[in-house]
1. Just need a number here: residues in region 160-170 that are within 18 Å of Ile119 (Cα to Cα) and either touching a helix residue (DSSP H, G or I) at 6+ places or on another chain (Cβ under 7 Å) or open to solvent by 50 Å² or more (accessible area, probe 1.4 Å) (or both).
2. For residues in region 197-220 being part of a loop (DSSP other than H, G, I, E, B) and β-branched (Val, Ile, Thr), which is least open to solvent (accessible area, probe 1.4 Å)?
3. May I ask you to verify whether Glu173 is more than 30 Å from Val23 (Cβ to Cβ) and either open to solvent by less than 100 Å² (accessible area, probe 1.4 Å) or not β-branched (Val, Ile, Thr) (or both)?
4. Just checking: which of the helices (runs of 4 or more DSSP H) contained wholly in region 90-196 hold 1 or more residues that are modelled with pLDDT of 95 or more and aliphatic (A, V, I, L, M)?
5. What pairs come out if I take residues in region 83-112 that are more than 14 Å from Leu42 (Cβ to Cβ) and basic (Lys, Arg) and pair them with residues that are assigned to a helix (DSSP H, G or I) and open to solvent by 10 Å² or more (accessible area, probe 1.4 Å) whose C-beta lies under 7 Å away, six or more apart or interchain?
6. Lys118 is checked against (1) under 25 Å from Phe86 (Cβ atoms); (2) open to solvent by less than 80 Å² (accessible area, probe 1.4 Å) and fails just one. What number does that condition carry?
7. Please go through region 26-40 and pick out each residue that is open to solvent by 70 Å² or more (accessible area, probe 1.4 Å), of a type outside the set (Val, Ile, Thr) and assigned to a helix (DSSP H, G or I).
Amino acid sequence: MSANSEVKVISVVFNTFQNDNRVLRSARVLGEMGFDVTVAALAGDGLQLAGPELGVYVERMAISTSKLPRGKVFGFLKYAERCFRFARRYRKAQVWHCNDFNPFLAAILAKMMNRKLKIVYDCHEYQSEMYGKSAFERKAVRFFESRYIKRADVVITVSTSIAEEYQRLYGLEKVHILMNVPDRSDAPKSNLLREALTIDSSKRLFLYQGKLGADRGVRELVEAF
């Protein structure tokens, strides 16, 4: 497919599109390549529903079930509304760039309405094993991936090991790799940490950067040290 402004790409996230650097950078690159890109996200308090943000065009959708309580039943209703409303609104796009599993089923619905729609399934992590998912959620992701992942025109993930696992699990011929890396920046060397924590120059430093969570392996890492 040629890169030009006549090709409409919808980059779909089931969050409010705040602090989602991979989605932002992907949308920017696609725009620089000449595609007509819109980031479709969820509405949030104090956020504009439509307009340019950080160099990309964003549209946010209000979900009527979002104020329902938590729980499996209400969670299903919220997810179902998101899928149907996003699919209906953006079914006429030419390409759906699905960021993670949550909007993937919405893309499948949209493709049922528009057979010409192309789907890019971008797995920012190993979707069925993401931290914070319950056993039921992990099984559900694996179930639906096994049935629909081959309907995606392109599958992308972040590392060779995850790509190989997706190929093994689902018999995919090709999974493309797009790593999560920050923008390059040149920072001067300093001894800020050593000075602040009184660490001798002979000691080797290891720095962990990222979220602290029960399933992110931080405790196991500390115990290993």
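1. Number satisfying all stated conditions: 2.
2. Ile199
3. Details: more than 30 Å from Val23 (Cβ to Cβ): no; either open to solvent by less than 100 Å² (accessible area, probe 1.4 Å) or not β-branched (Val, Ile, Thr) (or both): yes.
Considered against the rule, which asks whether it is more than 30 Å from Val23 (Cβ to Cβ) and either open to solvent by less than 100 Å² (accessible area, probe 1.4 Å) or not β-branched (Val, Ile, Thr) (or both), Glu173 comes out as no.
4. Where helices (runs of 4 or more DSSP H) fall fully within region 90-196 and carry at least 1 residues being modelled with pLDDT of 95 or more and aliphatic (A, V, I, L, M), they are 104-113, 160-170.
5. Sorted first by the residue in region 83-112, then by its partner, the pairs are Arg91/Met113; Lys111/Arg151.
6. Condition (2) is where Lys118 drops out.
7. Answer for region 26-40, where residues must be open to solvent by 70 Å² or more (accessible area, probe 1.4 Å), of a type outside the set (Val, Ile, Thr) and assigned to a helix (DSSP H, G or I): Arg28, Glu32.
Residue-by-condition table, conditions (1) modelled with pLDDT of 95 or more; (2) not β-branched (Val, Ile, Thr):
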| site | (1), (2) |
| --- | --- |
| Val7 | no, no |
| Ile10 | yes, no |
| Arg22 | no, yes |
| Arg25 | no, yes |
| Val29 | no, no |
| Met33 | no, yes |
| Ala41 | yes, yes |
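The values are calculated or read from the model by the stated rules, or taken from the named source; none is laboratory data. Since we're looking at a predicted model, the values are computed, not measured. Positions of Cβ are backbone-derived with ideal geometry, glycine not excepted, and every protein chain shown enters the neighbour counts. SASA here: full protein model, heavy atoms, side chains in, ligands and nucleic acids out. Shrake-Rupley method; radii C 1.70, N 1.55, O 1.52, S 1.80 Å.
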